[in-house]
Every structure is written in C-alpha cells, then in structure tokens.
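The structure appears right after this line, and notes come after that.
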Amino acid sequence: MYQLQLNDLTIEQFLAEYWQKKPVVLKGGFANFQDPITPDELAGLAAEEEIESRIVARQGEQWLLETGPFEDYAQWGEQNWTLLVQAVDHWHPESAALIEPFRFIPNWRIDDLMISYSTPGGGVGPHLDQYDVFIIQGLGKRHWRVGMPDASLTSLCPHPRLLQVSPFVDCINVITEPGDILYIPPGCPHDGISVDASLNYSVGFRAPAQKDLLTGLADYLIENDIQGVRYTDQNRQLSANIGAITSQDLQQVRSLLQGLIDDPKLLASYFGSYITHAKHDLDATEPDPHYNADEIAEYLEEGSVLARLGGLRVCYIQEQEDSDIQLFINGMTIVLPATAKRTVLQLSELTVLDQATAAEFAHDPAKLQLLTQLINLGYWYFIE
C-alpha cells in the first residue's frame, strides 16, 4: 500500500491551504516509489478496443493526435510523443491501488487513474483542466511548469482535438523524480515535458458542469418515466403584446424547474445514480453459471477474500440516522433499512472484504443475499 506524505501537512491543513486554491509539489510524496505497471504493459492495455487511449506527438511546430487501439509505435520515433491510457484503474488492480491514498476526498468526487508514457521531449503542450488532479511521477523525470488561474490566457487549438493555452507565468518550475506528486487545482495552466522516458499517473476528480447535471437529470426523468408537474397560469392577465414572453412567464418557468431541484428525494435519487455511473467501460464479467447464496456462504466460511471491481463507484445517501439508506452502485439504486448502515459502510469504503468482514456476510442472510447479487453482477470477485 502506498503511504502519502503531504510535506509534513495534515490532510486538514492540505485541504484548507491548497485544495482548489493553489498548486503544490509534494516531494517524495510516495517514498521509495515502485511503478505498478511497465511501459510494455501499458502498451498492451492501449491495444485493447474497449480501453480509451491516445497518442499526442509534436513534430517541429506541428501537433498530432491519434486515438487507439495501438499495435505498433515505430512510426512515432524515439522522442516527442506521449501515450495516454484512460481509466487504467478499471483494468489493472496493481495500478488501481494508487487511488487509495487520495480517498480523503469522497468516492463520488474521484474520477479515474490515467497513466501516460512519454519519450524524451514528450508532452501534450501547455493546457489547463477544469478538475483537480494529483500527478505522480513514476519512471524517469519530467519538467513541470504550473501557473495560477489567469483570465487573460487565450485558448489555442493546434489540432482539432487538442486544446492548449497561450504562454503563462509559472509559480512552479520543477523537475519531478520518482515518488514526487504534483497537485494541480482546476484552471491552473500547466505544461509537463518528459526529460527522459517516463511514466506519470494522474488521479483525476469529477467536477460535473451545470449542463451535464441538467442533461443527466433530463435523462433520469425520461428513463424513470417521471412526468412531474406541467406549466400552469391560472392567474393569466390580458397581454399587451401577444408576441411577448413576460417576466412573470419566466418566473413561472423558473419556479417549475426549481421545483424539481427542491424535491430532496428526487435530487438524491437522481444524483446518486448519475454520479456513480462509470464514464468508461468496467472490466465486469458475470460468473457463469451464477452463484447461489449457499455457495457464496461456503466459500466465505472457508476463508475466501473478495475484491471490489476496479473503477466501481459505490456511494450512499441517508437523510437521517433512522431513515432508509439509498446505496448507489454504478448507477444502480438499492434501498436498505437504517439497520444496514454497517453493511453500506463496508461496501462503500472497503475495496477488499477480508476474511473477518466476509464472515459477517456469510452469517447474515440479508447481507449474504445482497453480496450474492453483487458477485453475480461481476462487481465483487474472489481473489483468495
């Protein structure tokens, strides 16, 4: 397990001083860091159709971008290109372990682990992201420049699918070495150029935009056939101009929309489902044939250990201590009684159910039935 060092800061101090405020270099953030994946293994993932990957290359003043899968890299030469593979935590358990030290941020905010391999001179150019990211230096070294948010920066598009920014003033100028971690808040311009062949691990966080939340809500209403309330205007007055949409009309529309958001049950059900739905494919394989509860209980009683599927998002909402709990797993909603709080915490906070924890599920019929359902969906699987 990786142990995170925050420059002698406590987690509370880091959140108060840096989180979404300013970038920072955590030198030796992971002491004695060992790469969980090799460049060849990363290339193997990039060869898979269902795994999102891309190569960004610079040839003189020209930028190139191609999307995977990739079988051959000879055309790219020995320098100035980067392979980026998205959501590696969904497919590579050893790499997924890198996310665990950052779970002081709640599950619903964590997005995925992207891994990049760069040849000397490789990078994606100066750019900014609209989400928080921790970038871990693995193999090799990388020269980073990071600036503070600057409204005067302009967007550049050297390639139709590559967005960069104009030159910026840096507040961090550093060469990162294995185990160093760079934290970059949203909106901070940054540019990383590989000094030699290098691996970087980016733990990104979800920051849903208003438009995404609204389209997600619309999809949820349609999928669940929620009709809602229609527009009414029983206090309609004679209009001076029949072509006008009045401020009173707009206020009525605003109230109609606000009513959706102000419905706590609807908002909770929608958001829990929306935010736990995986953006990238999961490596979920249902057992064939499915297990029955008695088989699961037998395995657990024999000491079997269960692991949670990489990239699986598990969260819950409970309005009050004595109210029912909505457990959300990859967009699915399971309603459980308040007495099942311990079960909910185990499923949402533990990525491995050890022998002692698994035994609890074996001896509780309700917990066993739930766990059997989740195993048969491919969301939990036996590792011992």
Next item on the list: Kindly write out, for segment 244-257 in residue order, the coupling ³J(HN,Hα) from the Karplus curve 6.51 cos²θ - 1.76 cosθ + 1.60 (θ = phi - 60°), rounded to whole Hz, with x marking Gly and Pro.
Entry: 8, 9, 7, 5, 5, 4, 5, 5, 5, 5, 4, 5, 5, 5
Note to self: Cut-off 10 angstrom, C-alpha nodes, Gaussian network model of the chain. Which of R230, R58, R109 fluctuates the most?
What the structure shows: R230
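Over the Cα atoms of segment 11-205, compute the convex hull volume and normalise it per residue, giving Å³.
Details: hull volume 23.1 nm³, N = 195.
So the per-residue hull volume is 119 Å³.
Quick one: dipole size for the chain, taken about the Cα centre, charges +1 on Lys/Arg Cβ and -1 on Asp/Glu Cβ, in debye to the nearest 20. Don't skip to the end; give the middle numbers.
Working: 23 positive and 54 negative charges, 360 e Å.
Computed charge dipole of the chain: roughly 1720 debye.
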Margin query: Tell me which of A207, Y183, P167 sits at the most positive position along the dipole axis of segment 146-246, charges placed on C-beta atoms (Lys, Arg +1; Asp, Glu -1).
Written below: A207
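Would you order C171, C157, C315, C188 from fewest to most other beta-carbon atoms within 10 Å of each residue's own beta-carbon? Please list the in-between numbers first.
Working: C171 13, C157 10, C315 19, C188 23.
Ranked by crowding around the Cβ, least crowded first: C157, C171, C315, C188.
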Next item on the list: Note down the magnitude of the dipole of segment 210-262 about its Cα centre, charges +1 on Lys and Arg C-beta and -1 on Asp and Glu C-beta and zero elsewhere, to the nearest 20 debye.
Entry: 280
Next item on the list: Tell me which residues come under 5 Å, amide H to amide H, from L26 once H is placed; ignore anything under 5 positions away on its chain.
Entry: I181, L182, Y183
Item checked: Calculated SAXS-style log₁₀ I(q)/I(0) at q = 0.14, 0.24 Å⁻¹ - segment 297-353, Debye, Cα scatterers -> -0.44, -0.97
Margin query: Quick one: 3J(HN,Hα) in Hz for segment 335-346, Karplus 6.51/-1.76/1.60 with θ = phi - 60°, rounded, Gly and Pro as x.
Written below: 8, 10, x, 4, 5, 8, 4, 4, 4, 4, 5, 5
Notebook entry, point to check: Which number comes out as Rg/Rh for segment 232-289 once both Rg and the Kirkwood Rh are worked out on C-alpha atoms?
Noted result: 1.36
Checklist line | Listed residue (S118, Q62, H90) projecting farthest to the positive dipole end of segment 11-205, Cβ model | finding: Q62
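Cβ under 11 Å from E52's Cβ, E52 left aside: what net charge do those residues give with Lys, Arg +1 and Asp, Glu -1? Please list the in-between numbers first.
Details: positive: R54, K279; negative: E48, E49, E50, D112, D281.
Local charge sum for E52: -3.
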Next item on the list: Can you tell me the FRET efficiency between K279 and I334 if r is taken as the Cβ-Cβ distance and R0 is 25 Å, rounded to the nearest 0.05?
Entry: 0.75
Check: Could you give the nm distance between label points at D233 and D8, where each point is 7 Å from its Cα heading toward the beta carbon?
Finding: 6.7
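Just to be sure I understand: if I project the alpha-carbon convex hull of segment 210-262 onto a plane and average over all orientations, what area do I get in nm²?
Numbers: hull surface 19.6 nm².
Reported value for the Cα convex hull: 4.9 nm².
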Notebook entry, point to check: Of G216, Q251, G228, which is farthest along the charge dipole of segment 210-262 in the positive direction, counting Lys and Arg as +1 and Asp and Glu as -1 at C-beta?
Noted result: Q251
Check: Of the cross-linked pairs K22/K211; K27/K341; K211/K341, which ones have a Cα-Cα span greater than 28 Å in the structure shown?
Finding: K27/K341; K211/K341
Checklist line | Spread of Cα-to-Cα distances over 10 Å intervals beginning at zero, given as percent, for segment 235-372 | finding: 10, 29, 27, 13, 9, 7, 5, 1, 0
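Only the coordinates and a few stated rules stand behind these numbers; no lab work does. Small disclaimer: the values here were computed from a predicted structure and weren't measured. Cβ atoms come from the backbone with ideal geometry, glycine included; neighbour counts cover every protein chain shown.
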